[in-house]
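Presented below is the structure to which this report refers.
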């Protein structure tokens, strides 16, 4: 059995930490960490919800199902979250991965905490999905009950996946960049760190590329600030049609792309509503609506390589799938402040060929080809594809 217990909040260094013990009672724990925590700057310590275990459910649940161990929370959680996990969420997890199995999930009781926060939040990474959410629900939204009034930057996994000492350097670089972007929007930015990456690392060693806890950690970070967050937009990278057509592409790999559109509506607490945003668009449509937004032209950052200076390399898979739609729209030069356009042009032909080769197999390459056809944009011919063959590769 896995037990979560001893919830506490305390000062640590220049911050405040919300922490609980995680104990494996019937097996030797493969994890170096004995606790799960969420930490904010000292000035924001009151935001941490120390009267509920809601933030300490999702990651331990995934661990329990992975290790085939029952899970007990020695404290109270939201009844809404408990009921949805009991009846629905575990089934979705099992459909996603054969590595997971149903477990007995028990808690000591339910909180009576009601919604009282006044923050309508969203994460900011300055990627396409993130900026699309901010554009719709801050720039365009007029209803104060749904208009974003705060941005959040959660350091729960992505930067710490680096196994050298550059992870924290990258985090600080990206935090500075996103803080500057939030300032341009005149919105407050709240940063929060969690150690959930340590658990994901171990699963990655056991089962190659098992990144699902990245997203569960993100939702948990929002719940840890439940005293203040009333609604939180989580930005999806997949459209409804793509999830329908390509979900098997992400089976046992990427939980978000596999089922986020119907999983997130079930991951709710009595205090905080999670709203999955972006499934109503293809990625190319997100770019199309933002292409003349000066803020996006200044701050868009999508790079896979996570350069320590925070720049876009222009040649990785994410840069390429962003730059091709911009080229199709005739807007490449508008983004020359954040991309090396010449680097892209050097390999763009080969990338277009690769998109044609992977049409119907890869969701983003498929939508880029469709987008080119919709806009009468010339793509390489069948002869070009035949001549290049497998030599059409990303540099």
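The values are calculated or read from the model by the stated rules, or taken from the named source; none is laboratory data. Computed from a predicted model, the values in this text were never measured in an experiment. Cβ placement follows ideal geometry from the backbone for every residue including glycine, while neighbour counts extend to all protein chains displayed.
Residue by residue, here is whether (1) touching a residue at least 12 places away in the same chain (Cβ under 8 Å); (2) assigned by TED's automatic domain parsing to the domain that holds residue 133; (3) closer than 18 Å to residue 91 by Cα; (4) over 16 Å from the mean Cα position of the chain (by Cα) holds:
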position: 237; (1), (2), (3), (4): yes, yes, no, no
position: 258; (1), (2), (3), (4): yes, yes, yes, no
position: 268; (1), (2), (3), (4): yes, yes, yes, yes
position: 292; (1), (2), (3), (4): yes, no, no, yes
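Looking only at region 351-388, count how many residues are more than 28 Å from the chain's Cα centre (by Cα) and not in a helix (DSSP H, G or I).
Residues that pass the stated criteria total 7.
Filter region 320-343 down to residues that are touching a residue at least 12 places away in the same chain (Cβ under 8 Å) and assigned to a loop (DSSP other than H, G, I, E, B) and give me whichever is surrounded by the fewest Cβ atoms within 10 Å (Cβ to Cβ).
Here the residue is 337.
Looking at (1) modelled with pLDDT of 75 or more; (2) under 30 Å from the mean Cα position of the chain (by Cα), which is the one condition that is false for residue 393?
Every listed condition holds for residue 393 apart from (1).
Which one of these is free of Cβ contacts under 8 Å to residues at least 12 places away in the same chain and outside the structural domain of residue 239 (by TED's automatic domain parsing): 360, 314?
Just a single option satisfies the conditions, and that option is 360.
Which ones in region 246-286 are surrounded by fewer than 18 Cβ atoms within 10 Å (Cβ to Cβ) and assigned to a helix (DSSP H, G or I)?
Answer for region 246-286, where residues must be surrounded by fewer than 18 Cβ atoms within 10 Å (Cβ to Cβ) and assigned to a helix (DSSP H, G or I): 248, 249, 262, 265, 266, 285.
With respect to the numbered conditions (1) surrounded by fewer than 19 Cβ atoms within 10 Å (Cβ to Cβ); (2) not in a helix (DSSP H, G or I), which one is the sole condition not fulfilled by residue 231?
(1)
Looking for something under 26 Å from residue 121 (Cα atoms), crowded, with 20+ Cβ neighbours inside 10 Å, in contact with a helix residue (DSSP H, G or I) (Cβ under 9 Å, 6 or more places away or on another chain) and without any contact (Cβ under 8 Å) to a residue 60 or more places away in the chain - is there at least one such residue anywhere in region 299-307?
Taking every residue of region 299-307 in turn, at least one turns out to be under 26 Å from residue 121 (Cα atoms), crowded, with 20+ Cβ neighbours inside 10 Å, in contact with a helix residue (DSSP H, G or I) (Cβ under 9 Å, 6 or more places away or on another chain) and without any contact (Cβ under 8 Å) to a residue 60 or more places away in the chain.
Given the conditions (1) in a loop (DSSP other than H, G, I, E, B); (2) at pLDDT 90 or above; (3) surrounded by fewer than 16 Cβ atoms within 10 Å (Cβ to Cβ), report the number of the one that residue 346 does not fulfil.
Just one mismatch for residue 346, condition (1).
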